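A short worksheet on the structure shown next.
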Amino acid sequence: MSYENPGIVQEWLDNLGELNVDVKKMFGCYCLYCDGQAVGWIHDSVLSLREVGLNYLPEDIKRPAPEDKIQELIIPFDYVTAEWLPRSVQDTANIRRKSQKQYD
């Protein structure tokens, strides 16, 4: 199994500022965690961020249809330095944590 280039992964991580993020190799990708919450995947130079309804992302970030099996936003490497990126990762972690607590 071939994993993403470690330099690409590190660049994504470097641009997430002071967030508490980590990655783990899984299924040929790197699973991205923020504050212990799985928030997405780094693969093929893109960040696949879980869809949680963030309303401030650029319009060219395509949202999955409600019936799509995979509910993730594909964020191209062009956005690795975007100002909104750290906020989107942190917000995704916070929303996922809150929704998990509802089921506990």
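Within the stretch 77-90, is even one residue basic (Lys, Arg) and loosely packed, with under 15 Cβ neighbours inside 10 Å? The answer is no, given that none of the residues of the stretch 77-90 is basic (Lys, Arg) and loosely packed, with under 15 Cβ neighbours inside 10 Å. Would you confirm, using the coordinates I've provided, whether Arg63 is closer than 16 Å to Val89 by Cα, modelled with pLDDT of 95 or more and among the basic types (Lys, Arg)? In short, no. Could we say that Ala38 is open to solvent by less than 40 Å² (accessible area, probe 1.4 Å), touching a Cys at 6+ places or on another chain (Cβ under 7 Å) and at pLDDT 95 or above here? Yes. For beta carbons closer than 6 Å, sequence separation of 6+ or different chains, a first residue in the stretch 14-33 that is outside any strand (DSSP E or B) and a second that is open to solvent by 50 Å² or more (accessible area, probe 1.4 Å), the qualifying pairs are Asn15/Thr81; Asn20/Asp35; Gly28/Met1. Of the residues making up the stretch 4-12, one or more are touching a strand residue (DSSP E or B) at 6+ places or on another chain (Cβ under 8 Å), modelled with pLDDT of 95 or more and more than 20 Å from Gln100 (Cα to Cα). Considering the stretch 42-52, the residues that are out of contact with any helix residue (DSSP H, G or I) (no Cβ under 7 Å at 6 or more places or on another chain) and modelled with pLDDT of 95 or more include one that is surrounded by the most Cβ atoms within 10 Å (Cβ to Cβ), namely Ser48. Residue count for the stretch 64-76 satisfying the condition of being farther than 19 Å from Ala38 by Cβ and open to solvent by 100 Å² or more (accessible area, probe 1.4 Å): 2. In the stretch 12-37, what count of residues is obtained for those that are farther than 20 Å from Ile95 by Cβ and among the hydroxyl-bearing types (Ser, Thr, Tyr)? Within the stretch 12-37, residues that are farther than 20 Å from Ile95 by Cβ and among the hydroxyl-bearing types (Ser, Thr, Tyr) number 1.
The values are calculated or read from the model by the stated rules, or taken from the named source; none is laboratory data. A quick note: this is a predicted structure, and the numbers were derived from the prediction, not measured. Counting neighbours? That spans all protein chains shown, and the Cβs are built from the backbone with ideal geometry, glycine included. Ligands, DNA and RNA are stripped out before the accessible areas are found, and what is left, the full protein with its side chains, is counted by its heavy atoms. Shrake-Rupley method; radii C 1.70, N 1.55, O 1.52, S 1.80 Å.
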